[in-house]
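**Q** Quick one: this structure, given as structure tokens, is what I'll be asking you about.
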Amino acid sequence: KDEAVLSQPCREATAEDAAIAQDLLDTLEATEDAACLAANQIGCPVALAVYLDDADEPHVLYNPKLKKALRPHKVVETCFSRDDEAKVTRFEWIAITYDELADGQLQPRKAERTGWEAQIIQHAIDHCKGKLV
């Protein structure tokens, strides 16, 4: 909940940050009602996030970036780093780029997401940029 840490943009993630990714996955699994976590929420200022998709399958995003967004709407979000709910604008459809760890190397990826997944990915990307809702 340290706003000084959370409000700083994160450094680019590298393949050497795999242990942080695993820590995030373990923390996400152990935390009731968690949908996504960013590395700076566990004290690591790295552009790295994890989230659960609609089927509750975990995903790791190294260096996620929002590239395109359509159909803005207002939503109310909660965050483990904040005590209060916040009303924010999110997009129903997004296109992102990110890196994925494969065979010890980061591989560039692209994805399109809608609905709930799009919303939580936007929340995670905001954390990586040092933006709090």
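**Q** Would you point out the residue of the range 36-60, among those that are more than 18 Å from Ile96 (Cα to Cα) and open to solvent by less than 10 Å² (accessible area, probe 1.4 Å), that is modelled with the lowest pLDDT?
**A** The selected residue is Asn40.
**Q** If you don't mind, another one. Of all residues being touching a residue at least 12 places away in the same chain (Cβ under 8 Å) and closer than 17 Å to Leu106 by Cβ in the range 14-35, which is surrounded by the most Cβ atoms within 10 Å (Cβ to Cβ)? Just the residue, please.
**A** Out of the qualifying residues, it is Leu24.
**Q** Further question: Is it true that some residue in the range 93-102 is without any contact (Cβ under 8 Å) to a residue 40 or more places away in the chain, open to solvent by 50 Å² or more (accessible area, probe 1.4 Å) and either of a type in the set (Gly, Ala, Ser) or on the phi < 0 side of the Ramachandran plot (or both)?
**A** For the range 93-102, residues without any contact (Cβ under 8 Å) to a residue 40 or more places away in the chain, open to solvent by 50 Å² or more (accessible area, probe 1.4 Å) and either of a type in the set (Gly, Ala, Ser) or on the phi < 0 side of the Ramachandran plot (or both): absent.
The values are calculated or read from the model by the stated rules, or taken from the named source; none is laboratory data. Note that the structure is a prediction, hence the values are computed from the model and not measured. All Cβ positions, glycine included, derive from the backbone under ideal geometry; neighbour counts span all protein chains shown. Just so you know, the surface numbers come from the protein's heavy atoms only, side chains and all, with ligands and any DNA or RNA stripped out. Shrake-Rupley method; radii C 1.70, N 1.55, O 1.52, S 1.80 Å.
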